[in-house]
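The values are calculated or read from the model by the stated rules, or taken from the named source; none is laboratory data. Keep in mind the model is a prediction, meaning the values are calculated, not measured. Neighbour counts run over all protein chains shown; Cβ positions are idealised from the backbone, glycine included.
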Amino acid sequence: MGSEETVVYHEPAPLLDKENALESMMSRFDRAAEILGIRRGVYEYLKTPVKQIIVSIPIQMDNGNIEIFEGYRVIHNDTLGPSKGGIRFAPDLTLDEVKALAAWMTWKCAVVNIPFGGAKGGVKCDPSKLTVVELEKITRRYTANLLDIFGPERDIPGPDMNTNEQVMAWIMDTYSMHAKKTETAVVTGKPLIIGGSVGRREATGRGCMVVTLAAMEKIGMKPKNATVVIQGFGNVGSVTARLLREQGCKIIAISDITGAYHEPKGIDVGKALDYIEKNKNLGGFPFAQKISSSELLELPCDVLVPAARENQITARNAPRIKAKIICEGANGPTTATADPILQNKGILVIPDILANAGGVTVSYFEWVQDRVGYFWSLDRVNRRLDRMMKAAFDSVYASSEKHKVSLRLGAYVIAIDKVAQTLLLRGIYG
Ligand code: NAD
């Protein structure tokens, strides 16, 4: 076994830049596996999902017709503990996408050192075309089909694209009805009143703030008046903006799907949040100058936080990015082909699997609280989150220095090494 061939990394195909964030992620995985000199068999094990389940979900629609939806659950790896990962509802969802997202969760949980494996799931449906009753039926039937998979000690879903606290409450209730007892810990991201955790909604943005401050410290940048640009002023982006502002940073530009807004003297984050509360989005925001989305990414600034969606920083615009630190609030905002360009420019990129792991960390806290039946104060949640995010940043930084690679590869090296070592200690059953 010791002489097993080790993994050889191949340059990502040029096409990667075109869109496939998930392939981008896997190409970094390959690179990290090569740095670790991981054995071929272990490499294959870590790439292969443990379980891939497809379920049919027959639903009687409000108009009386019966429609069949397709649902998926993929457990990528459960070496570190029960698997954890969100459920998304999307019309173009595919098993391949779910598989890759599940792998992403494995690495994210390992980087922040929480005792979970990685999973992902979802239903191929368009929630904007469904009534609440239809959505509830889909959620409950999907859950019922996966009763043998889900479980507080087995596999714990959470919210993802187009699913929310209400959907999580339906999952919890369906599972509990079959278990003949209330099982709050079977799912995270629940409403507070039924076992959710305080601080969960702000957790991802808070984690972004913590790692950004840690990165600033490494390069000797003071938060006071450091200029910050936020792409995507949603949950993650707006919380990151508010918390960095509280640390003294100046938020000079924000954007959402309706447009980008720039004010060199600093945007009042409170006013932007009030504006969204009243108008649903930033469209027509009067307190800053409208610029294009591509201009926003290329503004001179100290910190750029892409917190909208994947594939925003590519080989095409990377040469024009002027930020000193990039904190990846979104999943996969930077393509693999942009990585070396940013690195050559000396930009410190805090990778998604570290930067936005605050969310899954507080989901872990929710699961712990549910299992113990004792709920923490906001102060305790935040202190523990801050501590875990700072510790994760420090270990990723140390790994990147040790291997003389980017923070991103440093993070993948830590994650893969941890799962591989645990796997070898547990041994291969069979
Ligand atoms: P959200 O829907 O609350 O916010 C997304 C924001 O991005 C919205 O303001 C939207 O208008 C904007 N947006 C979309 N496309 C855009 C574009 N092309 N240009 C500029 N703005 C655009 O979602 P969120 O929960 O804040 O998630 C944002 C990202 O963070 C996603 O990639 C998500 O997967 C990732 N993430 C979220 C969490 C979490 O806990 N919410 C955890 C980990 C990762």
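When you look at Leu296, is it of a type in the set (A, V, I, L, M, F, W, C), outside any loop (DSSP other than H, G, I, E, B), farther than 30 Å from Thr188 by Cβ and touching a strand residue (DSSP E or B) at 6+ places or on another chain (Cβ under 9 Å), yes or no?
yes
Could you grab me the full set of residues in region 382-403 that are surrounded by fewer than 16 Cβ atoms within 10 Å (Cβ to Cβ) and free of Cβ contacts under 8 Å to residues at least 60 places away in the same chain?
The answer is Arg383, Arg387, Ala398, Glu401, Lys402.
Can you pull out every residue in region 143-168 that is assigned to a helix (DSSP H, G or I) and surrounded by 21 or more Cβ atoms within 10 Å (Cβ to Cβ)?
Once the filter is applied, which keeps residues that are assigned to a helix (DSSP H, G or I) and surrounded by 21 or more Cβ atoms within 10 Å (Cβ to Cβ), region 143-168 yields Thr143, Val167, Met168.
Any residue in region 348-360 that is more than 16 Å from the ligand (Cβ to nearest atom), at pLDDT below 95 and out of contact with any His (no Cβ under 9 Å at 6 or more places or on another chain)?
no
List, please: which pairs have Cβ atoms under 6 Å, are six or more places apart or on different chains, and start with a residue in region 255-270 that is within 13 Å of Val229 (Cα to Cα) and end with one that is assigned to a loop (DSSP other than H, G, I, E, B) and within 14 Å of the ligand (Cβ to nearest atom)?
Partner pairs satisfying both residue conditions: Asp256/Phe233; Asp256/Asn281; Asp256/Leu282; Tyr261/Phe285.
Just one of (1) more than 16 Å from the ligand (Cβ to nearest atom); (2) among the polar types (S, T, N, Q); (3) buried (at least 24 other Cβ atoms within 10 Å of the Cβ) trips up Gln369, so point out which.
(3)
Against the conditions (1) within 16 Å of the ligand (Cβ to nearest atom); (2) closer than 19 Å to Tyr275 by Cβ, where does Arg245 fall short? Just the number, please.
Against the list (1) within 16 Å of the ligand (Cβ to nearest atom); (2) closer than 19 Å to Tyr275 by Cβ, Arg245 comes up short only on (1).
Look at region 187-237 and say how many of its residues are within 14 Å of the ligand (Cβ to nearest atom), among the aliphatic types (A, V, I, L, M) and without any contact (Cβ under 8 Å) to a residue 60 or more places away in the chain.
The qualifying residues number 1.
Consider region 256-287. How many of its residues are away from the ligand (no atom under 11 Å from the Cβ) and on the phi > 0 side of the Ramachandran plot?
Residues flagged as away from the ligand (no atom under 11 Å from the Cβ) and on the phi > 0 side of the Ramachandran plot within region 256-287 amount to 2.
Give me the strands (runs of 3 or more DSSP E) completely within region 190-267, filtered to those with at least 2 residues that are among the charged types (D, E, K, R), ordered by residue number.
250-256
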